[in-house]
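The values are calculated or read from the model by the stated rules, or taken from the named source; none is laboratory data. Keep in mind it's a predicted model, so treat the numbers as computed, not measured. Positions of Cβ are generated from backbone atoms using ideal geometry, with glycine treated the same way; all protein chains shown enter the neighbour counts.
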């Protein structure tokens with residue numbers, strides 16, 4: 001059995017070591033592919049062990065370098081963090097497998113696999129970070145890897161998307177860093193557990209200002225309204241494997257950070273912050289949904305839906321009841337799986353149909369019934385049809401909304417669900433159902449190893465979506481435990497400092 | 001276009017600068033210096049050699065592929081953090097010092113190992129950039145990466 005204090009660092013170490021080995025095997029491409037895939041599989045195993053450990057023994061913390069908190073570097077994992085880590089591991093493996101077929105030789109030679117692993121390291125680091133400055137550093141690790149992954153290959157439209165992406169994300173980093181600096185000036189610490197105690201006595205006005213600064217910084221990364229414009233203009237440009245991993249993990253790291261700081265640190269003036277979050281959530285849902293309706297590009301529709309769905313997650317946070325937070329967590333898990341899978345499916349659709357443009361696609365239901373079926377599973381899950389995963393997540397959120405008597409947001413959420421359903425049906429009828437447009441007949445791709453590599457991860461994720469729907473009771477149970485941990489900041493403080501702390505709550 | 005002054009000076013400067021970089025590396029833990037600045041000085045030495053004798057020559061005296069240096073350097077740095085959890089069961093990156101101190105070097109420990117990793121990585125990264133930029137002219141037969 002691995003000691004817990006070592007286990008906690010492994011989700012960072014495994015992708016890092018894999019990335020290093022991928023650098024060392026730079027010129028042997030086949031070896032590099034084996035290394036990368038093995039590392040991704042190992043990451044999933046490690047995160048699953050960590051999840052099981054935390055599920056049994058509660059939140060865990062470790063002080064890197066053995067310097068005591070608040071002076072050392074704290075890593076902290078509660079059930080929410082563990083769930084997110086498992087998601088990172090699952091996607092790392094699924095997309096890692098898919099990338100073996102999807103990433104061309106030129107991008108592999110330019111270092112796709114090391115960057116992919118470093119991206120995973122940054123994501124896992126962000127989930128584990130126990131102080132604000134380390135969170136910033138992990139964000140940067142993740143962003144720099146993502147900048148290069150987005151621009152790798154230097155196609156014209158890729159660079160166009162990358163410029164918008166880099167500019168806005170750098171601005172977000174600057175705001176984040178400035179906010180961290182002011183926070184340090186106000187509270188004298190950046191360790192989150194320490195801050196949770198110190199901010200209780202800080203002036204409310206200053207703390208709320210800081211909360212808004214962090215909301216803007218994280219909101220850009222999470223693609224909240226009105227800061228989301230970089231996402232739909234960048235995510236459809238790189239190879240499918242890259243947009244799939246971005247859509248699954250990067251915005252969710254932003255959401256994770258928002259949830260973390262607004263449950264642990266900025267809880268003084270809740271009436272004010274929750275109202276703002278609620279309005280932002282509603283506007284994000286609606287604008288994302290409407291944006292998707294107006295599009296005819298497969299991946300652009302999906303990109304707008306990422307934004308729309310962030311709204312649901314923030315809605316759960318804004319309602320701030322245990323049930324609502326559980327719904328948000330369930331929604332994040334469901335969305336990560338379903339959305340990534342849709343991106344992977346869009347890649348296969350392009351592979352067999354020759355385009356991402358819905359007007360040029362058609363007839364794929366006849367020619368690729370399996371692909372069409374897999375699309376339907378994920379698309380209907382995204383729209384929230386029972387018994388798939390999205391239904392339970394939305395049901396939980398809406399139930400929580402009704403309990404909190406927030407009828408306006410509930411109405412918006414239901415309405416946007418219809419918009420989601422509409423755009424999923426649009427993709428379905430255009431790409432799969434309608435007759436093939438008068439064009440050159442494309443030969444069916446061979447059912448060789450390339451077929452297996454592309455379809456295996458899609459089937460895996462579709463199976464996860466169905467399992468999430470059928471085993472909803474267990475998953476809701478886990479999500480509720482995670483939500484209760486989030487709503488109990490003294491648990492965080494006690495875990496990090498290792499002692500009972502009086503005077504909280 | 002080879003300058004006699006530059007080539008002659010480089011012949012003496014290269015070993016001196018490399019020696020100085022190692023000196024910086026070893027004194028780094030308690031005094032100004034360290035792996036990063038040491039690595040930069042070492043890369044400056046190799047770059048100087050490249051300017052004097054041409055980049056293929058710099059590549060030859062570097063002995064290793066810069067990419068390999070980056071990989072090995074990072075691996076060394078990470079391993080220094082792994083000593084504590086694997087051998088003593090302490091948290092990752094806990095520093096371990098030897099009890100006896102060695103003449104001229106002082107006490108050995110995992111921070112020195114970490115610094116050595118940084119030193120190697122910095123040489124790798126800097127040389128990768130310099131070689132790629134200098135060889136881009138097209139008059140070199142070797143590819144950048």
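The helices (runs of 4 or more DSSP H) falling completely within the stretch A:1-117 that include 2 or more residues that are touching a residue at least 40 places away in the same chain (Cβ under 8 Å), within 11 Å of chain B (Cβ to nearest Cβ) and within 26 Å of residue A:337 (Cβ to Cβ) map to A:10-24.
Given the condition loosely packed, with under 13 Cβ neighbours inside 10 Å and assigned to a helix (DSSP H, G or I), answer yes or no: does some residue in the stretch A:384-401 qualify? No; the residues of the stretch A:384-401 include none that is loosely packed, with under 13 Cβ neighbours inside 10 Å and assigned to a helix (DSSP H, G or I). Please determine whether any residue of the stretch A:343-357 is part of a loop (DSSP other than H, G, I, E, B) and touching a strand residue (DSSP E or B) at 6+ places or on another chain (Cβ under 7 Å). For the stretch A:343-357, residues part of a loop (DSSP other than H, G, I, E, B) and touching a strand residue (DSSP E or B) at 6+ places or on another chain (Cβ under 7 Å): present.
Might you check whether a residue that is modelled with pLDDT of 90 or more and under 18 Å from residue A:13 (Cβ atoms) occurs anywhere in the stretch B:86-109? Scanning the stretch B:86-109 turns up no residue that is modelled with pLDDT of 90 or more and under 18 Å from residue A:13 (Cβ atoms).
Per-residue answers, yes or no, for (1) surrounded by 19 or more Cβ atoms within 10 Å (Cβ to Cβ); (2) at pLDDT below 95; (3) under 17 Å from residue A:86 (Cα atoms); (4) more than 22 Å from the chain's Cα centre (by Cα):
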| position | (1), (2), (3), (4) |
| --- | --- |
| A:14 | yes, no, yes, no |
| A:18 | yes, no, no, no |
| A:24 | yes, yes, no, yes |
| A:29 | no, yes, no, yes |
| A:32 | yes, yes, no, yes |
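Does residue A:316 satisfy the condition of being more than 30 Å from residue A:481 (Cβ to Cβ) and in contact with a helix residue (DSSP H, G or I) (Cβ under 8 Å, 6 or more places away or on another chain)? Answer is no for this residue.
Considering the conditions (1) more than 11 Å from every other protein chain (Cβ to nearest Cβ); (2) closer than 22 Å to residue A:23 by Cβ; (3) surrounded by 19 or more Cβ atoms within 10 Å (Cβ to Cβ), residue B:40 is excluded by exactly one of them, (3). Does residue A:307 satisfy the criteria of being in a helix (DSSP H, G or I) and within 16 Å of the chain's Cα centre (by Cα)? Here the answer is yes, as residue A:307 does meet what is asked.
Just for the stretch A:64-81: of the residues that are touching a strand residue (DSSP E or B) at 6+ places or on another chain (Cβ under 9 Å) and closer than 30 Å to residue A:113 by Cα, which one is surrounded by the fewest Cβ atoms within 10 Å (Cβ to Cβ)? Residue satisfying both the conditions and the ranking: A:65. Helices (runs of 4 or more DSSP H) fully within the stretch B:45-145 that include at least 3 residues being within 12 Å of another protein chain (Cβ to nearest Cβ): B:66-83, B:110-134.
Contact annotation: residue pairs with Cβ atoms under 7 Å, 6 or more positions apart or on different chains, pairing a residue in the stretch B:104-122 that is farther than 16 Å from residue B:21 by Cα with a partner that is modelled with pLDDT of 90 or more, are B:110/B:80. Scanning for something in contact with a strand residue (DSSP E or B) (Cβ under 8 Å, 6 or more places away or on another chain) and buried (at least 24 other Cβ atoms within 10 Å of the Cβ), does the stretch A:292-311 turn up at least one residue? There is at least one residue in the stretch A:292-311 that is in contact with a strand residue (DSSP E or B) (Cβ under 8 Å, 6 or more places away or on another chain) and buried (at least 24 other Cβ atoms within 10 Å of the Cβ). Taking the numbered list (1) on the phi > 0 side of the Ramachandran plot; (2) buried (at least 24 other Cβ atoms within 10 Å of the Cβ) in turn, residue A:338 passes all entries but (1).
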